[in-house]
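Enquirer: Handing you this structure, nothing more for now.
The values are calculated or read from the model by the stated rules, or taken from the named source; none is laboratory data. A quick note: this is a predicted structure, and the numbers were derived from the prediction, not measured. Neighbour counts run over all protein chains shown; Cβ positions are idealised from the backbone, glycine included.
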Amino acid sequence: MFATLLKEENLYRRAIFGLHRVNAKLTQGFQPISPEEIEAQVQSYSNYIQSFSGEQASRWPLAHLVVRDGTSYDLSTLDRWYVRETGEWISGYLIYDLQLRVEKERYRPAAR
């Protein structure tokens, strides 16, 4: 999904590579983003996700999650580190309170 966003969405391309790499009018020696550069960023992000730990999640804990109504999100990674309380609808958005999962709850073996 991240690769698709980098290939197709200027917002993500600007955030990762800088506006000067997305908009040819901003620089004389414009160099478009290459497929190799996109792949390198995808690999870097993948490595980051795979190495992310509970210790890192607890360093800067999140208190809330705000999502737009009517949009589908994959929250499985967030749910690995946080418990979402019942959400509250406000002006087209769903706002969840978040609680950081404790280590033993996160790695507790499944009941048989």
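Enquirer: Would you confirm whether or not segment 50-69 contains a residue that is in contact with a strand residue (DSSP E or B) (Cβ under 9 Å, 6 or more places away or on another chain) and free of Cβ contacts under 8 Å to residues at least 12 places away in the same chain?
Expert: Checked segment 50-69: no residue is in contact with a strand residue (DSSP E or B) (Cβ under 9 Å, 6 or more places away or on another chain) and free of Cβ contacts under 8 Å to residues at least 12 places away in the same chain.
Enquirer: Still on this structure: From Ala15, Ala24, grab the single residue that is over 30 Å from Asp97 (Cβ atoms) and either outside the structural domain of Ile90 (by TED's automatic domain parsing) or touching a Ser or Thr at 6+ places or on another chain (Cβ under 9 Å) (or both).
Expert: Ala24
Enquirer: Follow-up. Sort through Glu9, Glu37 and tell me the only one that's charged (D, E, K, R) and under 21 Å from Tyr73 (Cβ atoms).
Expert: None of the others qualify; the one that does is Glu9.
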